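The values are calculated or read from the model by the stated rules, or taken from the named source; none is laboratory data. The model shown is predicted, which means the values in this text are computed figures rather than measured ones. Ideal geometry is used to build each Cβ from the backbone, glycine not excepted, and the neighbour counts take in all protein chains shown.
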Amino acid sequence: MKKTTPIYDDNLEVQLTDILCKLDENPKVNINQIGSSAYKGHLLADTEDGFQKFIHLNLYLKFIEYFDNYKVRCINTYAVKTNFIPVVKRLLSQYNDAIDSLYSSNVREEWSRYFDDTLVSDKEDNLKKQAFQFFYNASAVQIFYLGKLADKMKEYIAEFDTVIPKPEPEYYFTIRSEFASQRHNILYDIHKNLKAMKYVDCTAEAFRKVFTTKEPQPIKWLKSVNSLTYFIKTLTGKFLIEKDDPSNGFIAERYIHVYKNEEFFPRTKIRHDKDPSTKVTEFIDKVIDNAIKAYYKK
């Protein structure tokens with residue numbers, strides 16, 4: 001049965017974001033009744049401990065439980081790198097930004113000024129002081145859980161940095177699918193003409209294996225580096241699938257060695273910088289085009 005990509009439900013995430021990631025900059029201050037001042041709808045009478053308990057039981061634990069379950073579903077469909085980790089990294093950035101924002105808030109700084117030992121005799125001022133202390137402590141609860149969530153996201157990233165096998169670079173050429181049935185004939189034809197003009201020194205079989213196997217024995221290229229890079233550049237797109245990591249030029253460096261005066265000439269660059277002479281480019285173009293035309297019929 002085909003395993004479908006798991007869908008991420010952001011319902012709990014949105015609720016956590018609403019309660020944790022921003023201050024309540026307009027909390028309710030009630031100077032007529034003790035305990036009725038409120039921060040994000042939570043009463044001073046419940047204290048910051050009640051605020052923390054609400055977040056912990058109703059949001060934080062449920063979110064972690066859901067997220068762990070989502071992780072398992074992603075592993076089962078091998079959607080960790082494409083689904084799970086991007087969500088984790090987005091959340092980590094969001095939580096870190098929120099922590100920085102709360103710490104640097106001028107409003108929160110104002111609330112902190114009410115933490116002094118000065119006795120307040122006026123009832124109204126005393127109620128304000130209690131309210132602002134509650135607001136500050138509630139914001140500290142927000143920062144605490146943002147930190148816990150950020151640490152949890154870091155744990156997920158660290159876990160999968162070691163658990164998920166990183167794909168090995170594909171150090172081999174890949175021939176375009178439409179040439180699959182005639183690839184050997186096309187390569188033999190290209191080899192025949194290259195060898196006749198002393199571009200390569202290898203058997204037809206060794207030449208073919210360079211383009212059709214994953215760990216071929218290197219062959220000798222007897223002309224200039226530019227002629228080789230032009231040859232690979234021209235093959236790419238026409239006959240070979242273009243690759244980026246590593247590029248076809250890099251692969252060619254591994255399996256097609258440039259020789260000068262019968263000595264191996266290590267290449268200093270793996271990219272195509274400059275075309276060889278017109279005579280050489282016309283020859284290479286003709287060799288490749290004629291081989292493809294001879295054996296590939298659309």
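Points to keep in mind about this one:
Yes/no per residue for (1) within 14 Å of His257 (Cα to Cα); (2) among the small types (Gly, Ala, Ser):
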position: Ala158; (1), (2): no, yes
position: Ile175; (1), (2): no, no
position: Met197; (1), (2): no, no
position: Leu228; (1), (2): yes, no
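- Count - residues of region 253-298 that are modelled with pLDDT of 95 or more, among the basic types (Lys, Arg) and touching a Phe, Trp or Tyr at 6+ places or on another chain (Cβ under 9 Å): 0
- The residue pairs whose first member lies in region 30-46 and is under 20 Å from Arg108 (Cα atoms) and modelled with pLDDT of 80 or more, whose second member is among the β-branched types (Val, Ile, Thr) and surrounded by 14 or more Cβ atoms within 10 Å (Cβ to Cβ), and whose beta carbons are closer than 7 Å, counting only pairs six or more residues apart or on different chains, are Ser37/Val29; Lys40/Ile19.
- Residue in region 128-151 that is over 30 Å from Cys74 (Cα atoms), touching a residue at least 40 places away in the same chain (Cβ under 8 Å), touching a Pro at 6+ places or on another chain (Cβ under 8 Å) and of a type outside the set (A, V, I, L, M) present: yes
- Taken over region 171-221, residues that are surrounded by fewer than 16 Cβ atoms within 10 Å (Cβ to Cβ) and in contact with a His (Cβ under 7 Å, 6 or more places away or on another chain) amount to 2.
- Among the residues listed as Phe211, Phe239, the single one being in contact (Cβ under 8 Å) with a residue 40 or more places away in the chain, closer than 22 Å to Glu170 by Cβ and touching a strand residue (DSSP E or B) at 6+ places or on another chain (Cβ under 7 Å): Phe239
- Flag for Ser105 being surrounded by 15 or more Cβ atoms within 10 Å (Cβ to Cβ), small (Gly, Ala, Ser) and assigned by TED's automatic domain parsing to the domain that holds Phe135: yes
- Test: residue in region 40-63 that is more than 27 Å from Pro86 (Cβ to Cβ), of a type in the set (A, V, I, L, M, F, W, C) and not in a helix (DSSP H, G or I): yes
- Helices (runs of 4 or more DSSP H) within region 180-298 that include 3 or more residues among the hydroxyl-bearing types (Ser, Thr, Tyr): 225-238, 278-295
Yes/no matrix, rows are residues, columns are (1) surrounded by 14 or more Cβ atoms within 10 Å (Cβ to Cβ); (2) at pLDDT below 90; (3) among the β-branched types (Val, Ile, Thr); (4) not in a helix (DSSP H, G or I):
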{"site": "Asn96", "(1), (2), (3), (4)": "yes, no, no, no"}
{"site": "Ser121", "(1), (2), (3), (4)": "no, yes, no, yes"}
{"site": "Asn126", "(1), (2), (3), (4)": "yes, yes, no, no"}
{"site": "Gln142", "(1), (2), (3), (4)": "yes, no, no, no"}
{"site": "Met153", "(1), (2), (3), (4)": "yes, no, no, no"}
{"site": "Lys166", "(1), (2), (3), (4)": "no, yes, no, yes"}
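- Of the candidates Arg108, Arg73, the single residue that is among the basic types (Lys, Arg), in contact (Cβ under 8 Å) with a residue 60 or more places away in the chain and in contact with a helix residue (DSSP H, G or I) (Cβ under 8 Å, 6 or more places away or on another chain) is Arg108.
- Criterion (closer than 18 Å to Leu12 by Cα and either touching a strand residue (DSSP E or B) at 6+ places or on another chain (Cβ under 7 Å) or among the β-branched types (Val, Ile, Thr) (or both)) met by exactly one of Phe84, Phe51, Phe134, Phe67: Phe51
Each row is one residue, and each column tells you yes or no for (1) at positive phi; (2) within 39 Å of the chain's Cα centre (by Cα); (3) surrounded by 13 or more Cβ atoms within 10 Å (Cβ to Cβ).
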{"site": "Ser227", "(1), (2), (3)": "no, yes, yes"}
{"site": "Tyr230", "(1), (2), (3)": "no, yes, yes"}
{"site": "Phe239", "(1), (2), (3)": "no, yes, yes"}
{"site": "Asp244", "(1), (2), (3)": "no, yes, no"}
{"site": "Phe250", "(1), (2), (3)": "no, yes, yes"}
{"site": "Lys260", "(1), (2), (3)": "no, no, no"}
{"site": "Asp275", "(1), (2), (3)": "no, yes, yes"}
{"site": "Val280", "(1), (2), (3)": "no, no, yes"}
